[in-house]
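Single-structure report; data block below.
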């Protein structure tokens, strides 16, 4: 599927996923991956192996190639370890038992040391690079926000390429594909059997809700998971504009599998405030035979009057779960006013 940001065809859909998604990054018989020691530097005169005939290249060699460019451009002095470049994220992200062989435009780097001109040089020279994002050591976004309190906002900066990537979470109903604009979203990488996905599956199978409320939706992972397990009405809400944008893309990428035939975007999320802690505003309404998904920008504290009738199940997935679990009065009031069970995955 074409990316909504860069227009390139690098977004994977559920229908694109083969029975073993890890094969996307598997080596062919001619590949010869040789792991590098991440705590050691890369020699400036080393001849870095290029792509195999299959078109893929070992991730360590791609990182070494980036290292040499940073060294040539004076960003590194040649004594730093390979790991100093930053955090590599593959696209699509999925649990792998071995380091990946990378196809073109499948690696996003999160780094705090690469200047824009050098990032653009690396992007032109290294075909495996999807993009490079600057992140400080703060989690991007506003964190957990309470209405009436001014949030502190941390945003990343896209230095080159594209930062829109997919993650593949495995579930008992097949793969759940989630889209993220990674410069403005925290990293939540698939690690085999995901406990949050399993928690949603368990509660949905046990309670058979008619309405599933994902109150801290982020990119829509848990709401879309509930839809995969047959919940007919999904309501998602988040205060952060990047989460809403990402959730819209997540709805789109899962559209065919969920049987969605119409997606109506009611307001341009890019024209709205980055953080909206007031009454929720409906941004996206997606429907199909037996499925309805509503996506709101705003505070879950005011979501109750906007919820459809039916047997309800609510999930809260905030950043600080331990602190949130202490909100006994709020959770009790939610159960009383909204109805249904509430769980924290």
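Only the coordinates and a few stated rules stand behind these numbers; no lab work does. Note that this is a predicted model, so its numbers are computed, not measured. Neighbour counts run over all protein chains shown; Cβ positions are idealised from the backbone, glycine included.
The table below lists the values:
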read-out: In degrees, nearest ten, helix 59-72 long axis to first principal axis of the chain (Cα); value: 60 degrees
read-out: With 10 Å bins from 0: P(r) over segment 14-161, alpha-carbon pairs, percent; value: 11, 36, 32, 15, 5, 1
read-out: DSSP-defined antiparallel bridges as percent of all bridges, the chain, nearest 5; value: 55 percent
read-out: Nitroxide proxy distance, nm - points 7 Å out along Cα→Cβ at residue 278 and residue 39; value: 5.5 nm
read-out: Sequence-separation-based contact order of the chain, relative, with Cα cut under 8 Å and 6+ spacing, percent; value: 13 percent
read-out: At R0 = 30 Å, FRET efficiency that the Cβ-Cβ distance of residue 54 and residue 95 yields, to 0.05; value: 0.85
read-out: Percent antiparallel among DSSP beta bridges (both partners in segment 14-161, rounded to 5); value: 70 percent
read-out: Footprinting exposure proxy for 89, 331 (fewest neighbouring C-beta atoms within 10 Å first); value: 331, 89
read-out: Folded to 0 to 90 degrees: helix 241-253 orientation relative to the chain principal axis, Cα; value: 90 degrees
read-out: Estimated translational D of segment 173-250 in µm²/s (Stokes, Kirkwood radius over Cα pairs; 10 °C; 1.306 mPa s); value: 124 µm²/s
read-out: Between 0 and 90°, nearest 10: helix 195-207 axis offset from the chain longest Cα axis; value: 30 degrees
read-out: Size-normalised alpha-carbon gyration radius of segment 194-340, reference 2.2 N^0.38 Å; value: 0.97
read-out: Extension reserve of the residue 329-residue 262 stretch, reckoned as 0.36 nm per residue once the Cα distance is removed; value: 20.3 nm
read-out: Antiparallel DSSP beta bridges within segment 166-324, as percent of all bridges there, nearest 5; value: 55 percent
read-out: Value at 222 nm in deg cm²/dmol, rounded to 500, when DSSP H runs of n ≥ 4 in the chain each add -39,500 (n - 2.57); value: -6500 deg cm²/dmol
read-out: Segment 14-161, relative contact order in percent, only Cα pairs under 8 angstrom and at least six apart counted; value: 20 percent
read-out: Values of log10 I(q)/I(0), in the order q = 0.11 Å⁻¹, for the chain under a Debye, Cα-only, solvent-free model; value: -0.75
